[in-house]
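Novice: One structure is given below, represented as structure tokens, and several questions about it will come after.
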Amino acid sequence: MISVIKTIKDTNVRLKMRMFSVVLLLLVSSVTPTVMAAEYSLAQAIKKAQENDPWLEGSRFRQQSLEALSVQAGSLPDPTVSLGLGNININNSDAMGKGVNNYNVGISQMFSRGNSLSLQREQLNTLSQMQPLVREDRNASTAVTVSHLWLEILRSQQTIRLIEQDRSLFEHLVDIVQSSYATASGRTRQQDLVRAQLELTRLEDRLTMLRQNQENQLALLAEWLGDYSDLSIDTPEILPLSIDSLAKNDGKENRDLIEVLIAHPKIASIDRKIKAGELGVRLAKQSYKPQWGVNANYMASTKDDDQPDVMSVGISFDLPLFTGKKQDKQVQAAIADNEEVKTERALALRQLRAGFEAAKSNYLRLIERKELFDTRLLKEMSEQAEASLMAYTNDDGDFAEVVRARITELNAKIESLNIDVEIQKAIAQINYFLVAKTNPLDSTELPNSKHTINGV
């Protein structure tokens, strides 16, 4: 773990100024006027998606609901008032008058079992505290989703630009073949001319597919941005990578990673849920305690004799004697529910750890491929394409080899672009797992490393 993270840091420093020197071209010439209605950089797209996410508003309403319920749960039930007529003589025709011997007024108040009220209030407050953490996790996952969509649009847009740039080369090949075939010079055959035209047609088909993918991704991005007008993405930018700060303490990277993952808002929200479950267990145990109540009655006589007014006071309580099928099962259910949440936490932590390791490994291998493309592959493929064209123009090569070399070179450029896009996707994924390092709810913030990007 230590050596791997150090490798990441060293690799980032070594490739910081050159890893994006060949691809991720400027978008100015590739954006048509019909899609310039709303341009978004990656940071702007993420910010707007987070600001316009209705799910976050729903979470705020859920928090308000839980906070209101916590106040209600901590209050005693309303007292009960009773009014009555006593000793009514049913044989007296004036039953509501002389036949009534007394009036009585009573009031009773029930109390909660043990500490039920305070526990209910604390439990609901704890559940309400989950919502800011859940929203933080939602914002982090939204950033990943929007980043992937934005980068897919960039991939399509820049691939279109690469193909359109190389189309002129294929058109030049067609001109060479046509000229050679028309003058009957060299070894040019009709199938060479057909092959050249075919490759141009296939390029047109690739462009159509890329534009289709770009439009689909723009529509999906518009869903998050809440803007269904024509969209475009702004000039390329690179995401900040915060993984290297895990190596700040030699020999402690693995522990630092676990601490960061435990502080992840997804895990922190489950911790609140576990705490609420523990309070639920304590609340269930209050059912073993009796529920008390007090009552008072005042009776006033309606007769003119010397019968005095009287008042009575009493208490009431239940006796939870037969607990085997009620209270015991209630406590068992609360304990089982809380244990289930603990397994949910263990599973979520395991998934975060595995996801981080996969994203990190993916990032490292992509960096290796990027260095190979930048230092050798692109240069060698370009030399091969030039050599094959030179041989063909000197009647010392085959046209099919020229076409294969040009297509291979174009595919290599596109693959280099794909590697750059996948690197950015991996960074977005890694930053999601390490979101606790820059979480505004966390009091400690670790520094982010930033890379620069060079458009060609």
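Values quoted throughout were computed directly from the atomic coordinates according to the rules given, and no laboratory measurement underlies them. Keep in mind it's a predicted model, so treat the numbers as computed, not measured. Note that we place each Cβ from the backbone using ideal geometry, even for glycine, and neighbour counts take in every protein chain shown.
Novice: Beta carbons within 10 angstrom, averaged per residue: use that to sort the peptides 108-120, 323-335, highest first.
Specialist: 108-120, 323-335
Novice: While we're on this one: Find out how many positive minus negative residues lie around Ser116, taking Lys and Arg as positive, Asp and Glu as negative, among other residues whose Cβ is under 12 Å from that of Ser116.
Specialist: With Lys, Arg at +1 and Asp, Glu at -1, the neighbours total +4.
Novice: Now, a different point. Using 0.36 nm times the number of residues separating Val105 and Leu198, minus their current alpha carbon distance, what extension gain do you get?
Specialist: Net length gain for the segment: 23.4 nm.
Novice: Using the alpha carbon gyration tensor of the stretch 322-418, what are the three equivalent-ellipsoid semi-axes (square root of 5 times each eigenvalue), largest first, in whole Å?
Specialist: Calculated on Cα positions only, the semi-axes equal 67, 13, 6 Å.
Novice: Starting from the Cα of Val81, step 7 Å along the direction of its Cβ; do the same at Ser361; then give the gap between the two resulting points in nm.
Specialist: 7.3
Novice: Give me the net charge for the shell around Ala358: Cβ to Cβ below 14 angstrom, other residues only, Lys and Arg +1, Asp and Glu -1.
Specialist: +3
Novice: Near Ala348, within a Cβ-to-Cβ distance under 12 Å, what is the net charge of the other residues, with Lys and Arg +1 and Asp and Glu -1?
Specialist: +3
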